[in-house]
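Visitor: Take this structure first; my questions come after.
The values are calculated or read from the model by the stated rules, or taken from the named source; none is laboratory data. It should be emphasised that the depicted structure is a prediction, and the values quoted were computed from it without experimental measurement. Cβ sites come from the backbone with ideal geometry, for glycine too, and all protein chains shown count toward neighbours. All accessible areas refer to the heavy atoms of the entire protein, side chains included, with ligands and DNA or RNA removed. Shrake-Rupley method; radii C 1.70, N 1.55, O 1.52, S 1.80 Å.
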Amino acid sequence: MTELSLHRGVSIHRIGAMILRYWYLLMSSWPRLLELLYWPALQVITWGFLQLYIAENANFFARAGGTLIGAVILWDILFRGQLGFSISFLEEMWARNIGNLMMSPLKPIEFLLSLMIMSMIRLAIGVIPMTLLALFLFHFNVYALGLPLIAFFCNLIFTSWAVGIFVSGLVLRNGLGAESIVWTLMFAIMPLACVYYPVSVLPGWLQYVAWSLPPTYVFEGMRALLIEQTFRTDLMLRALAVNAVLLVASFGAFLALLRSAKKHGSLLSSGE
């Protein structure tokens, strides 16, 4: 039976096998599932009640209704998308299996595609219950955003993949001693992405840095939609363009770091 392949010999069967492997790992451990549900639920409940309090005491937040809890949900899409990608990668590092995978017929692009799909699965498990909690507890329906939500989601998930690919390459080259970057890099981006406040509050020189990050356009677009009832298509197109550059650059960096890891024997000592 001929193996089903995509362009240039990318095998759907191999990608599917990797996804199935990560799915079995996820389903075999209830703590893994609990972690996916626990933190998003805790965030939306905490910030949701905070927004209720602020809305009762400030006319602006009452008028802007939902900007805080909306930002929490969109931030979690960005953060959980990257974490879902990176955790699946780290599973291979922890099991000292990355060297075996890289010496198998599995191509790097197939490996990365399987991690991307698995990040979507992990994200759905955590974020969908989070959005339902926001709806039932705080009457905020993120799905009511309609088509703009698709633009927000796509740009955020593209950014999360770009970051996930890059940090995975760093861990691949430097071993688990660099694992902490998986958990911390996105939080370093958070202040510049202007998740909870507009770009205008930043110093002038720092605004240029903020506008170089795709999530900044998304969160500015979310506030424009909720406060001004205006969908900023221009912001989404700019975010998409920056994301395209970041994805290409991150994939190139991953391949370069993979070659370096092979050259220096890091794959064989990936668990250290």
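Yes/no per residue for (1) modelled with pLDDT under 65; (2) of a type outside the set (D, E); (3) crowded, with 21+ Cβ neighbours inside 10 Å:
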| position | (1), (2), (3) |
| --- | --- |
| I15 | no, yes, yes |
| S29 | no, yes, no |
| L37 | no, yes, no |
| L42 | no, yes, no |
| I45 | no, yes, no |
| E56 | yes, no, no |
| F61 | yes, yes, no |
| G84 | no, yes, yes |
| K107 | no, yes, no |
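Visitor: Could you identify the single residue in G99, G146, G126 that is open to solvent by less than 40 Å² (accessible area, probe 1.4 Å) and free of Cβ contacts under 8 Å to residues at least 40 places away in the same chain?
Guide: Just a single option satisfies the conditions, and that option is G146.
Visitor: Given the options A193, A241, A224, name the one that is open to solvent by less than 20 Å² (accessible area, probe 1.4 Å), over 22 Å from L170 (Cβ atoms) and of a type outside the set (V, I, T).
Guide: Working: A193 fails: over 22 Å from L170 (Cβ atoms); A241 fails: open to solvent by less than 20 Å² (accessible area, probe 1.4 Å).
The conditions single out A224.
Visitor: Could you tell me whether any residue of segment 198-212 is surrounded by fewer than 21 Cβ atoms within 10 Å (Cβ to Cβ), over 16 Å from the mean Cα position of the chain (by Cα) and within 28 Å of L37 (Cβ to Cβ)?
Guide: Within segment 198-212, none of the residues are surrounded by fewer than 21 Cβ atoms within 10 Å (Cβ to Cβ), over 16 Å from the mean Cα position of the chain (by Cα) and within 28 Å of L37 (Cβ to Cβ).
Visitor: Now, a different point. Let me spell it out: the conditions are (1) over 11 Å from the mean Cα position of the chain (by Cα); (2) among the aromatic types (F, W, Y); (3) open to solvent by less than 10 Å² (accessible area, probe 1.4 Å), and W75 meets all of them except one. Which number is the exception?
Guide: Exception for W75: condition (1).
Visitor: Still on this structure: Being at pLDDT below 90, within 30 Å of P108 (Cα to Cα) and not aliphatic (A, V, I, L, M): is that true of N174 here?
Guide: Yes, satisfied.
Visitor: Just checking, does segment 158-178 include any residue being open to solvent by less than 10 Å² (accessible area, probe 1.4 Å), over 30 Å from T216 (Cβ atoms) and in contact (Cβ under 8 Å) with a residue 40 or more places away in the chain?
Guide: Yes; the residues of segment 158-178 include at least one that is open to solvent by less than 10 Å² (accessible area, probe 1.4 Å), over 30 Å from T216 (Cβ atoms) and in contact (Cβ under 8 Å) with a residue 40 or more places away in the chain.
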